[in-house]
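Below is one structure; the comments refer to it alone.
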Amino acid sequence: MLPAVERDDDCDQARRRVILAVVRAIPAGQVAGYGEVARRAGLPGRARLVARLLARSAQSDLPWHRVLRSDGRIAFAPGSPGFVEQLRRLRAEGLVVSDSGRVMTGGAPDLDSLLWKPAD
DNA sequence: ACGATGACAATGC
DNA sequence: TGCATTGCCATCG
C-alpha cells in the first residue's frame, strides 16, 4: 500500500511532474506562456513557479524554449546566453522571432482564435 | 521575522 | 510598442 501520509515533498514533486508534462505537451512550432502552463497544470497564479522550475530542471527532452512571457517575448535578457539559445531553438522550429525576442505567431493561434475561426 | 530577488502577469498611460 | 506600477509566489541572506 501507499504510505498513509504523503510527505509535503511528494506534493511538490507531483506539481513539478505535472508542470513538466504540460511543457512537454507543447507541440513543436507552437508556444505557450508561463501563466498558461501554470493554469494547464492546475496551478493558476504560479507562473513564477514554472519559471523557477524550468530554470532548475534541464532535461534534454524538455522543450523549455517554447515557453514565453505573456507578452509573447523571450523571458531572458536580450543578449544573454539563455536568450540566444532560446532564439536559436525557436527559429530552428520554423518560428519567426524578431531579434528583440518577440515571437510572431502570425495572429494569435491560441484556443479562442482557433475555435472562432469561421471557415478556411 | 523581514526585505531582496527572479526565465512572471495584469493594468494603465 | 514600450515603460512603469502593482500583485503574486517561492527562495534566500
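The values are calculated or read from the model by the stated rules, or taken from the named source; none is laboratory data. Because the structure is predicted, anything quoted here is derived from the model rather than measured. Cβ placement follows ideal geometry from the backbone for every residue including glycine, while neighbour counts extend to all protein chains displayed.
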Flag if A:Val84 is away from DNA strand C (no atom under 15 Å from the Cβ) and either under 24 Å from A:Gln13 (Cα atoms) or not in a loop (DSSP other than H, G, I, E, B) (or both): yes
Of all residues in the range A:21-36 being assigned to a helix (DSSP H, G or I) and within 12 Å of DNA strand B (Cβ to nearest atom), the one that is surrounded by the fewest Cβ atoms within 10 Å (Cβ to Cβ): A:Gly35
Number of positions in the range A:37-65 that are within 9 Å of the chain's Cα centre (by Cα) and either in a loop (DSSP other than H, G, I, E, B) or in contact (Cβ under 8 Å) with a residue 40 or more places away in the chain (or both): 2
Any chance A:Arg46 is surrounded by 12 or more Cβ atoms within 10 Å (Cβ to Cβ), more than 14 Å from DNA strand C (Cβ to nearest atom) and either at pLDDT below 95 or of a type in the set (Lys, Arg) (or both): no
Candidate set from the range A:62-81 (those that are within 14 Å of DNA strand C (Cβ to nearest atom) and touching a Leu at 6+ places or on another chain (Cβ under 8 Å)); member that is farthest from A:Gln30 (Cα to Cα): A:Ala75
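Where residues in the range A:66-81 are among the charged types (D, E, K, R) and part of a loop (DSSP other than H, G, I, E, B), which of them is surrounded by the fewest Cβ atoms within 10 Å (Cβ to Cβ)? Full working, then the answer.
Residues of the range A:66-81 among the charged types (D, E, K, R): A:66, A:69, A:71, A:73.
Subset that is part of a loop (DSSP other than H, G, I, E, B): A:69, A:71.
Details: A:Arg69: 16, A:Asp71: 10.
For the range A:66-81, the residue satisfying everything is A:Asp71.
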